[in-house]
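Student: For reference, the structure I am asking about is given below.
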Amino acid sequence: MPISYKPEYTGKDRRKHPRIAARDVMSKKLIKVMPEMKIQDAVNVFLKNKVSGAPVVDEDGIHVGMLSEKDCLKLMMNELYHESPGTLVKDYMSHIIHSVEADMDIFSVAQIFIETPYRRLPVYDKGKLVGQISRRDCLKAMQLIQKHKKKVVKK
């Protein structure tokens, strides 16, 4: 079961900004990898889709972990250096899944990214995996808010 963050950003002029939730900027087209996949195949998926990590989903569609490019880099470097055979995603994925709720305010999501080493987080809605949000998605949202503020100031 994912560990869901619940913080709410409490910046003093938060009400002056349009409310943007994780669901508004998350990637809905999830790139997923399977536990039984070879790490090299997962790397190919990452490179082909230009993503830095992905949820690991079993054959029943259950979210069972996360795999990052950092996980893959450490493993591949070790495999190449020691000339060891390839391994499977399930052996190196993170089993602790930190996530956010789809309706979480973008400022709260951004705060999580500031305070943790994560580059992306799975997004859940009513217990179901519905997307993934990244630091880059938060930056895009902040740009939208900035543009909105400029329009409001011009009026």
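The values are calculated or read from the model by the stated rules, or taken from the named source; none is laboratory data. The model shown is predicted, which means the values in this text are computed figures rather than measured ones. Ideal geometry is used to build each Cβ from the backbone, glycine not excepted, and the neighbour counts take in all protein chains shown.
Student: Looking at the range 14-37, which of its residues are closer than 13 Å to residue 138 by Cβ and at pLDDT below 90?
Tutor: none
Student: Consider residue 102 carefully, then state whether it is surrounded by fewer than 20 Cβ atoms within 10 Å (Cβ to Cβ), in contact with a Cys (Cβ under 8 Å, 6 or more places away or on another chain) and in contact (Cβ under 8 Å) with a residue 12 or more places away in the chain.
Tutor: The answer is no for residue 102.
Student: List the helices (runs of 4 or more DSSP H) inside the range 30-136, counting only whole elements, that have at least 2 residues being among the charged types (D, E, K, R).
Tutor: Details: elements: 39-49, 69-82, 106-115.
Of the helices (runs of 4 or more DSSP H) lying wholly inside the range 30-136, those with at least 2 residues that are among the charged types (D, E, K, R) span 39-49, 69-82.
Student: While we're here: Pairs under 9 Å by beta carbon, first residue farther than 8 Å from residue 65 by Cβ in the range 86-98, partner among the polar types (S, T, N, Q) and at pLDDT below 90, six or more apart or different chains?
Tutor: 98/4
Student: Anything in the range 21-56 that is closer than 16 Å to residue 125 by Cβ and surrounded by 13 or more Cβ atoms within 10 Å (Cβ to Cβ)? List them, or say none.
Tutor: 21, 22, 23, 24, 25, 26, 27, 30, 55
Student: Follow-up question, since we're still on this one. Across the range 113-133, which residue is farthest from the chain's Cα centre (by Cα) among those that are among the hydroxyl-bearing types (Ser, Thr, Tyr) and farther than 12 Å from residue 28 by Cα?
Tutor: Residue satisfying both the conditions and the ranking: 116.
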